[in-house]
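Report on one structure; see the data block that follows.
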Amino acid sequence: MNRYESTKRVSFLGIVGNVFLLIIKFIVAIFSHSEAMMADAINSAGDIFSSIMSYIGNKIACVPSDEDHNFGHGKAEYIFSMFISIFMIIIGAKILMDSVMAIIEGDKFNFSIYLIIVCLVTIITKLCLYLYARNSFKHHHNILIKATMKDHRNDILLTCGTLFSVVFGYFGYYFFDGIIGSVTSVYIIITGVGIMMEAYHVLMDASISKKDKDAIISFILENKNVVRVEDFYTVPVGYKYVAVLTIDLDGNLSTFLSHDIADKIEKEIVKSFKKIYKVIIHVNPVEIS
């Protein structure tokens, strides 16, 4: 399964799973008056939005290059992951405000065995979705899959917190309901900010990491005909980079041979480094003393 088909499946499963969980959480939250369960339900609604954004972003990103977008539409992944991160922050802030008010006002909820059942069903469902998304991310390193994966992980933590608050509420400690909702909401906000910064890094055309750049330069210098590498620049195109650089070659080599060497190096770099989409090499002949 290729990168885009994998992301499509992760998004679709996320939509189906979250719609199911939203329904059962919302029903139980209404009847039990549990702030933590309602927060959980709101978060599931946010997850549906995130999965839809992943699906749309992936659909756009898989469109091949054309005259208007010479390097494809890969940046759509990061644009839509930015939308997801913003929504995660908004949802986290909403849950935080509601949880704090629940603590201040001393809200109580009606204990029900259905609260525990819904929590357990949610944890199992989300664990399965998380493991599937994590496995897909390991193979394809798609930021949309990463955002979805972290959403599932957040839900597991949030629901575990809800489960603890239900148990504490059974023994009369209702304030844990708001405390756990507050702690989880802060974690959701931090996760959203992290995804936002990663997307921002690419959308602002940040260069490839120094470690990867040094590795590519060392790879090029393994060719005995290359004297040095100069003017190395990279521009992100989706999850990959276009590299533009100059190599100094022995000035005694013919023009044909010099460009043949550069062409071979370009192909070898694209083949050896997964982060590189295309390489453009300028040849500079120099005298070797």
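Only the coordinates and a few stated rules stand behind these numbers; no lab work does. In this text the structure is predicted, and so the values were computed from the model without any measurement. So basically every Cβ, Gly included, is an ideal-geometry build from the backbone, and we count neighbours across all protein chains shown.
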Could the peptides 95-105, 42-52, 184-194 be put in order, highest first, of the mean number of other beta-carbon atoms found within 10 Å of their residues?
42-52, 184-194, 95-105
Too long for a 20 Å Cα-Cα cut-off, among 126/146; 25/59; 94/138; 138/210, are 25/59; 94/138; 138/210
Relative to the Cα centre, what is the charge dipole magnitude of the chain, using +1 at the beta carbon of each Lys and Arg, -1 at the beta carbon of each Asp and Glu, and rounding to the nearest 20 debye?
760 debye
Rg(Cα) of segment 210-286 divided by 2.2 N^0.38 Å?
1.05
Which whole-angstrom value gives the distance between the alpha carbon centres of segment 1-71 and segment 196-226?
32 Å
In degrees, nearest 10, the alpha-carbon axis of helix 255-272 is tilted away from the dominant principal axis of the alpha carbons of the chain by 20 degrees
To the nearest 10 degrees, the tilt of helix 76-105 (Cα long axis) against the first principal axis of the alpha carbons of the chain is 30 degrees
Using only the alpha-carbon atoms, how far is helix 210-221 inclined from the longest principal axis of the chain? Give it as 0 to 90 degrees, nearest 10.
30 degrees
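Based on the alpha carbons, how large is the Rg to Rh ratio for the chain when Rh follows Kirkwood? Don't jump to the answer; show the numbers that get you there.
On the way: Rg = 25.2 Å, Rh = 21.5 Å.
Reported Rg/Rh (Cα atoms, Kirkwood Rh): 1.17.
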